[in-house]
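Asks: Below is one structure. I have some questions about it.
The values are calculated or read from the model by the stated rules, or taken from the named source; none is laboratory data. Predicted model only: the values in this text are computed from it and were never measured. Quick reminder, even Gly has a Cβ in these numbers, built from the backbone with ideal geometry, and neighbours come from all protein chains shown.
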Amino acid sequence: MVKKVLIANRGEIALRVLRACKELGISTVAVHSTADNAAMHVRLADESVCIGPPPSRDSYLNIPSIVAACEISGADAVHPGYGFLSENARFADILDAHGLTFIGPTADHIRIMGDKIEAKRTAKRLGIPVVPGSAGAVTEDTEALRIADEIGFPVIVKASAGGGGRGMKVAKTREDMVVALQTARQEAGAAFGDDAVYIEKYLEKPRHIEVQVFGDGAGNAIHLGERDCSLQRRHQKVWEEANSPALSPEQRKRIGEICANAMSELRYRGAGTIEFLYENGEFYFIEMNTRLQVEHPVTEAITGIDLVHEQIRVASGEGLSVTQDEIVFSGHAIECRINAEDPRTFAPSPGKITYYHAPGGLGVRVDSGVYQGYSIPPYYDSLIGKLIVHGRNRAECMMRLRRALDEIVVDGVKTTLPLFRDLVDNPDVGAGNYDIHWLEKYLTGGAKA
Ligand code: MV4
C-alpha cells in the first residue's frame with residue numbers, strides 16, 4: 001500500500017481524500033496556494049506545503065512545485081482529486097518518471113479519453129453504444145454534408161479536443177452545416193490548438209446518465225450503477241441522483257455490464273465515468289471521464305463502497321475490495337451542489353461565512369471544507385459543499401432532503417440553497433420528469449409549474 005499521499009487539490013475534495021487516507025492509516029500532505037493558508041484540508045493534513053500564489057496556474061496546476069512538494073515531504077503517491085491536474089496525462093507521466101504513484105488511470109488511458117474522437121472510436125470497438133455520426137475527424141464540407149444527410153438533421157459538430165460542453169455547434173438544417181463546421185473548427189483551433197471536429201446526430205431531449213466503473217488494471221472491472229445528472233445549467237451540474245429515475249433494474253444491469261466488460265477488455269485501472277445521453281430507451285456514449293467525479297458520493301450512498309479507498313487500493317496494486325456479485329444497490333441518493341453564488345444570477349459570491357450550521361441525522365452527509373469564520377477566496381470555483389441525502393426509496397430521500405435543506409444555515413455569502421428548496425418541492429423534479437434542458441427552462445420561467 002502507498003504510505004504517504006500528497007493531495008494535489010483543495011476545498012471539499014481535498015478533505016474527502018484526506019478522510020479516506022486517514023481511515024487507511026496513510027499519512028497525508030496538503031499542498032496549498034497562499035490564498036488557502038486557512039483552509040480546512042491544510043489544517044487537518046499531517047503536513048502541508050505552500051506551492052505558490054493564488055492563481056491556479058501558479059499553484060494547483062504547477063507541476064514542478066507539486067513534484068518538489070513530494071520530494072521534500074517524502075510522499076510516495078499523489079491523489080489529484082477532480083479538475084486541476086486530474087486528467088493531465090503529462091502529469092501522470094512525470095510522476096511515473098519520478099517514481100511516484102499517480103492515483104488514477106495510466107497516462108495512455110487518460111490520453112485516449114481526452115481525445116473525444118479516439119474515445120468514441122475506443123468505446124465503439126469495446127461494444128459501447130455510441131451516437132450515430134462520422135467515423136472520425138471531418139475535414140471537407142462535402143464529406144460533412146454527405147454524413148449529415150445520411151444520419152439526418154439536426155446534427156452537432158464537436159471539437160475532438162473539447163468535452164464538457166466546450167466547442168460544440170448545432171446545425172438544424174443543411175443550410176447551417178457549412179457555417180457550423182467552420183465556426184466549430186475555428187473555435188476549436190483557437191481554444192485548444194487542435195481544430196479536429198466530428199459530427200453526431202443531435203439528440204433533442206436526452207437525459208445525461210453516467211455509469212461509474214472501476215478497474216484494477218489487470219482485467220478485473222466492475223460497475224457501480226449510474227447517476228442521473230440531467231439537472232444542470234451551462235454544463236455545470238446542480239443536482240445528481242442515483243439511481244436514475246428513468247431506468248428499470250434491467251436497463252441498469254445491461255448498461256452496467258456493457259461498461260464493465262468494456263473496461264475489463266481495456267484493462268482500465270482506477271475510477272472512471274462513462275457518460276451517455278439517454279433518449280427513448282436508448283443509451284448513446286458521448287465521453288469518458290478518467291477521474292473521481294464531484295458527484296461520486298451518491299454512488300457511495302447506494303452501494304456503501306468508499307470510492308477513494310478503492311482508488312488507493314488499485315493504485316497500490318491491491319486490487320478491488322469487491323466483486324460485481326458482492327455489490328448491493330440499496331435505496332436512493334441525491335446530491336445538491338452548494339455554490340457560493342447568487343441563486344438567481346449564479347454570479348459568484350466569495351466572502352466570509354459569518355454563521356454555519358451543518359444538517360445531520362440519518363441518511364444525511366455533508367462534504368465541505370468550510371467552517372464558520374472561513375473566508376471563501378475569489379480565485380477558484382464556487383463549490384463550497386455538497387449535501388448528500390440517502391433514503392430507502394426516492395420518496396424517502398426527497399423527504400429527508402427537504403428536512404436537511406431546512407436545517408442547514410450558511411450566512412454571510414449568497415448560496416444556491418434557495419434554488420434547492422424550490423426544486424425539492426417542484427412537481428417535475430418530484431416525479432423525476434426532467435431532461436438536460438429542464439433546469440435552464442425552469443430558471444428562465446419556461447418550465448411547467
Ligand atoms: C450532445 C447533445 C445532443 N446530441 N451530443 C454537452 C456536454 C458534452 N459532454 C456533450 N454535450 C451534449 N452533447 C449530441 N449528439 C447535447 C449535449 C448537451 C448536454 C449534455 C449533457 C448534459 C447537459 C447538456 C447540455 C446541453 C447540451
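Asks: Looking at this structure, is Asp406 more than 27 Å from Pro55 (Cβ to Cβ) and assigned to a loop (DSSP other than H, G, I, E, B)?
Replies: Working: more than 27 Å from Pro55 (Cβ to Cβ): yes; assigned to a loop (DSSP other than H, G, I, E, B): no.
So Asp406 fails the test.
Asks: Answer yes or no as to whether Val17 is β-branched (Val, Ile, Thr), buried (at least 21 other Cβ atoms within 10 Å of the Cβ) and either outside any helix (DSSP H, G or I) or over 22 Å from the mean Cα position of the chain (by Cα) (or both). Give the derivation first.
Replies: On the way: β-branched (Val, Ile, Thr): yes; buried (at least 21 other Cβ atoms within 10 Å of the Cβ): yes; either outside any helix (DSSP H, G or I) or over 22 Å from the mean Cα position of the chain (by Cα) (or both): no.
For Val17, the condition - β-branched (Val, Ile, Thr), buried (at least 21 other Cβ atoms within 10 Å of the Cβ) and either outside any helix (DSSP H, G or I) or over 22 Å from the mean Cα position of the chain (by Cα) (or both) - is not met.
Asks: Take Glu200 and tell me if it is surrounded by fewer than 20 Cβ atoms within 10 Å (Cβ to Cβ) and either more than 30 Å from Asn433 (Cβ to Cβ) or of a type outside the set (Ser, Thr, Tyr) (or both). Before the answer, list the steps.
Replies: Numbers: surrounded by fewer than 20 Cβ atoms within 10 Å (Cβ to Cβ): no; either more than 30 Å from Asn433 (Cβ to Cβ) or of a type outside the set (Ser, Thr, Tyr) (or both): yes.
The answer is no for Glu200.
Asks: Among the numbered criteria (1) assigned to a loop (DSSP other than H, G, I, E, B); (2) under 28 Å from Ala218 (Cβ atoms), which single criterion is violated by Ser330?
Replies: Of the numbered conditions (1) assigned to a loop (DSSP other than H, G, I, E, B); (2) under 28 Å from Ala218 (Cβ atoms), the odd one out for Ser330 is (2).
Asks: Suppose we filter Pro377, Pro343 for residues that are within 20 Å of Val294 (Cβ to Cβ) and at pLDDT 95 or above; which single one remains? Break it down stepwise before answering.
Replies: Details: Pro343 fails: at pLDDT 95 or above.
Of Pro377, Pro343, the one residue that is within 20 Å of Val294 (Cβ to Cβ) and at pLDDT 95 or above is Pro377.
Asks: While we're on this one: Which residues, taken from segment 182-208, are within 15 Å of the ligand (Cβ to nearest atom) and of a type in the set (A, V, I, L, M, F, W, C)?
Replies: If we filter segment 182-208 for residues that are within 15 Å of the ligand (Cβ to nearest atom), which is where we start, we get 184, 187-188, 191-192, 197-208.
Ala184, Ala188, Ala191, Phe192, Val197, Ile199, Leu203 - these are the residues of segment 182-208 that are within 15 Å of the ligand (Cβ to nearest atom) and of a type in the set (A, V, I, L, M, F, W, C).
Asks: Identify the residue in segment 146-161 that is surrounded by fewer than 21 Cβ atoms within 10 Å (Cβ to Cβ) and among the small types (Gly, Ala, Ser) and, among all such residues, is farthest from the chain's Cα centre (by Cα).
Replies: Only one residue tops the list, namely Gly152.
Asks: Just one of the numbered conditions (1) buried (at least 24 other Cβ atoms within 10 Å of the Cβ); (2) out of contact with any helix residue (DSSP H, G or I) (no Cβ under 6 Å at 6 or more places or on another chain) is not true of His296; which one?
Replies: Of the numbered conditions (1) buried (at least 24 other Cβ atoms within 10 Å of the Cβ); (2) out of contact with any helix residue (DSSP H, G or I) (no Cβ under 6 Å at 6 or more places or on another chain), the odd one out for His296 is (2).
Asks: Is it true that His235 is on the phi > 0 side of the Ramachandran plot, of a type outside the set (Gly, Ala, Ser) and modelled with pLDDT of 95 or more?
Replies: Working: on the phi > 0 side of the Ramachandran plot: yes; of a type outside the set (Gly, Ala, Ser): yes; modelled with pLDDT of 95 or more: yes.
Answer is yes for this residue.
Asks: Can I ask one more? Could you grab the pairs with beta carbons closer than 8 Å, sequence gap of 6+ or different chains, first residue in segment 65-79 and closer than 17 Å to Ala315 by Cβ, second one surrounded by fewer than 18 Cβ atoms within 10 Å (Cβ to Cβ) and of a type in the set (Ser, Thr, Tyr)?
Replies: Ala77/Ser316
Asks: Right, another one. Quick one: which of Gly127, Gly133, Gly165 is away from the ligand (no atom under 16 Å from the Cβ) and in contact (Cβ under 8 Å) with a residue 60 or more places away in the chain? Quick ask: steps written out before the conclusion?
Replies: Details: Gly133 fails: away from the ligand (no atom under 16 Å from the Cβ); Gly165 fails: away from the ligand (no atom under 16 Å from the Cβ).
Testing whether each residue is away from the ligand (no atom under 16 Å from the Cβ) and in contact (Cβ under 8 Å) with a residue 60 or more places away in the chain leaves just Gly127.
Asks: Just give me the residues in segment 374-386 being under 14 Å from Ala358 (Cα atoms) and either β-branched (Val, Ile, Thr) or without any contact (Cβ under 8 Å) to a residue 24 or more places away in the chain (or both), in sequence order.
Replies: Across segment 374-386, the qualifying residue is only Ile384.
Asks: Can you say whether Tyr434 is within 16 Å of the ligand (Cβ to nearest atom) and closer than 29 Å to Gly304 by Cβ, as far as the supplied structure shows? Even if it seems obvious, please write down each step before you answer.
Replies: Values: within 16 Å of the ligand (Cβ to nearest atom): yes; closer than 29 Å to Gly304 by Cβ: yes.
The answer is yes for Tyr434.
Asks: Is it the case that Leu387 is under 22 Å from the mean Cα position of the chain (by Cα) and assigned to a helix (DSSP H, G or I)? Walk me through how you get there before you give the answer.
Replies: Numbers: under 22 Å from the mean Cα position of the chain (by Cα): yes; assigned to a helix (DSSP H, G or I): no.
No; evaluated as a whole, the condition is false for this residue.
Asks: Can you name the condition, by its number, that Arg421 falls short on among (1) closer than 22 Å to Tyr355 by Cβ; (2) surrounded by 19 or more Cβ atoms within 10 Å (Cβ to Cβ); (3) without any contact (Cβ under 8 Å) to a residue 24 or more places away in the chain?
Replies: Of (1) closer than 22 Å to Tyr355 by Cβ; (2) surrounded by 19 or more Cβ atoms within 10 Å (Cβ to Cβ); (3) without any contact (Cβ under 8 Å) to a residue 24 or more places away in the chain, only one is false for Arg421: (2).
Asks: Could you say whether any residue in segment 235-250 is without any contact (Cβ under 8 Å) to a residue 60 or more places away in the chain, surrounded by 15 or more Cβ atoms within 10 Å (Cβ to Cβ), within 23 Å of Tyr434 (Cα to Cα) and more than 16 Å from the ligand (Cβ to nearest atom)?
Replies: Looking for residues that are without any contact (Cβ under 8 Å) to a residue 60 or more places away in the chain, surrounded by 15 or more Cβ atoms within 10 Å (Cβ to Cβ), within 23 Å of Tyr434 (Cα to Cα) and more than 16 Å from the ligand (Cβ to nearest atom), one finds at least one in segment 235-250, hence yes.
Asks: With the requirement that a residue be in a helix (DSSP H, G or I) and under 16 Å from Glu23 (Cα atoms), what does segment 298-313 give you?
Replies: Start the filter on segment 298-313 by keeping residues that are in a helix (DSSP H, G or I), which leaves 298-303, 307-313.
Correct list: Glu300, Leu307, Val308, His309, Glu310, Gln311, Ile312, Arg313.
Asks: Right, something else. Pull up segment 268-280, narrow it to residues that are over 19 Å from Lys120 (Cβ atoms) and away from the ligand (no atom under 16 Å from the Cβ), then point me to the one that is surrounded by the fewest Cβ atoms within 10 Å (Cβ to Cβ).
Replies: Let us first name the residues in segment 268-280 that are over 19 Å from Lys120 (Cβ atoms), namely 269-271, 280.
Retained after the next criterion (residues that are away from the ligand (no atom under 16 Å from the Cβ)): 269-271.
Values: Arg269: 22, Gly270: 27, Ala271: 25.
Restricting to residues being over 19 Å from Lys120 (Cβ atoms) and away from the ligand (no atom under 16 Å from the Cβ), the top hit is Arg269.
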